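The values are calculated or read from the model by the stated rules, or taken from the named source; none is laboratory data. Because the structure is a prediction, the values reported are computed rather than measured. Every residue, glycine among them, receives a Cβ derived from its backbone with ideal geometry; neighbour counts consider all protein chains shown. All accessible areas refer to the heavy atoms of the entire protein, side chains included, with ligands and DNA or RNA removed. Shrake-Rupley method; radii C 1.70, N 1.55, O 1.52, S 1.80 Å.
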Amino acid sequence: MYREGLGVEKDKKREVYHLEVAAIGGHPDARNNLACFEWENGRDDRAVKHWIIAAKLGDEDSVDTLKDAYRKGYVRKEDFASALRAHQAAVNATKSPQREEAGAWRVSK
């Protein structure tokens, strides 16, 4: 909203504030977006921490970004492995027969 100026004036400070609130509340997409903001502003260590947290919450985009960051030497092997294990646990925790059935129904439409 504040990033694009949709219905409000563009405001980077408010955008970041709302990303932080959502990230603290456990929203993985907000955490990923906050990591991107930190990365763009040269705060690589903070960005990596946000991506690790988002990956542990089950965010696929963060895992992909961490893979790339690991290859480039921004992420330690132990941190990357821990994030992957936690990501898989988060994904497994959301699996259920009802979700699989709903996903199959949606694909068939």
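Step through the residues of the stretch 97-103 one at a time and calculate ³J(HN,Hα) from phi using the Karplus curve (6.51 cos²θ - 1.76 cosθ + 1.60, θ = phi - 60°), rounding each to whole Hz and writing x for Gly and Pro.
With the stated coefficients, the stretch 97-103 comes to x, 5, 5, 5, 5, 5, x Hz.
Solvent-accessible area of residue 100, probe 1.4 Å, all protein chains present, reported in Å² to the nearest ten, please.
Spelled out: residue 100, probe radius 1.4 Å, area about 120 Å².
Give me the net charge for the shell around residue 107: Cβ to Cβ below 13 angstrom, other residues only, Lys and Arg +1, Asp and Glu -1. Please report the intermediate quantities before stating the final value.
Numbers: positive: 99, 106, 109; negative: 100, 101.
My count for the surroundings of residue 107 gives +1.
Considering amide H positions built from the backbone, and no H for Pro or chain starts, which residues 5 or more places from residue 75, or on another chain, come under 5 Å of its amide H?
The list, which skips near neighbours in sequence, is 70.
Treat every Asp and Glu Cβ in the chain as -1 and every Lys and Arg Cβ as +1, leave all other atoms uncharged, and give the resulting dipole magnitude about the Cα centre to the nearest 20 debye.
Here the size comes out at about 200 debye.
Run the Debye formula on the Cα coordinates of the stretch 11-60, all scatterers equal and no solvent, and tell me log10 I(q)/I(0) at q = 0.17, 0.26 1/Å.
Values, matching the q order: -0.42, -0.92.
May I ask for the net charge around residue 20, where only other residues with Cβ less than 12 Å from the Cβ of residue 20 are counted and Lys, Arg are +1 while Asp, Glu are -1? Provide the component values of the computation, followed by the final result.
Working: positive: 13, 14, 31, 46; negative: 15, 38.
The answer is +2.
How do 29, 59 stack up against each other in accessible area, from largest to smallest, with a 1.4 angstrom probe? If you can, show how the numbers build up before the last one.
Numbers: 29 80, 59 15 Å².
My answer, sorted largest first, is 29, 59.
Which one is right for this structure if Cα extents along the principal axes in Å is calculated from it: [x] 42, 41, 23; [y] 46, 41, 27; [z] 58, 28, 22?
It is the one labelled [x].
Determine how large the accessible area of residue 44 is when every protein chain is in place; take a 1.4 Å probe and give Å² rounded to the nearest 10.
Accessible area, nearest 10 Å²: 50 Å².
Tell me the label-point distance for the pair residue 71, residue 96, using the 7 Å Cα-to-Cβ offset, in nm and rounded to one decimal.
A separation of 3.7 nm, rounded to one decimal place.
With every protein chain present, what is the per residue accessible area of the chain (1.4 Å probe, Å²)? Don't skip to the end; give the middle numbers.
Numbers: 7720 Å² over 109 residues.
With the other protein chains kept in place, the chain gives 71 Å² per residue.
Can you list the HN-Hα couplings for the stretch 56-65, worked out from phi with the Karplus curve (6.51, -1.76, 1.60; θ = phi - 60°), rounded to whole Hz and with x for Gly and Pro?
Per residue, the Karplus-derived 3J(HN,Hα) values read 5, 8, x, 7, 5, 4, 5, 4, 4, 5 Hz.
Ignoring ligands, DNA and RNA, how do 68, 45 rank by accessible area with a 1.4 Å probe, largest first? Could you put the intermediate results ahead of the total?
Working: 68 65, 45 115 Å².
Accessible-area ranking of 68, 45, largest first: 45, 68.
Placing +1 on the Cβ of each Lys and Arg and -1 on the Cβ of each Asp and Glu in the chain, which of 69, 90, 16 has its Cα farthest towards the positive end of the resulting dipole?
90
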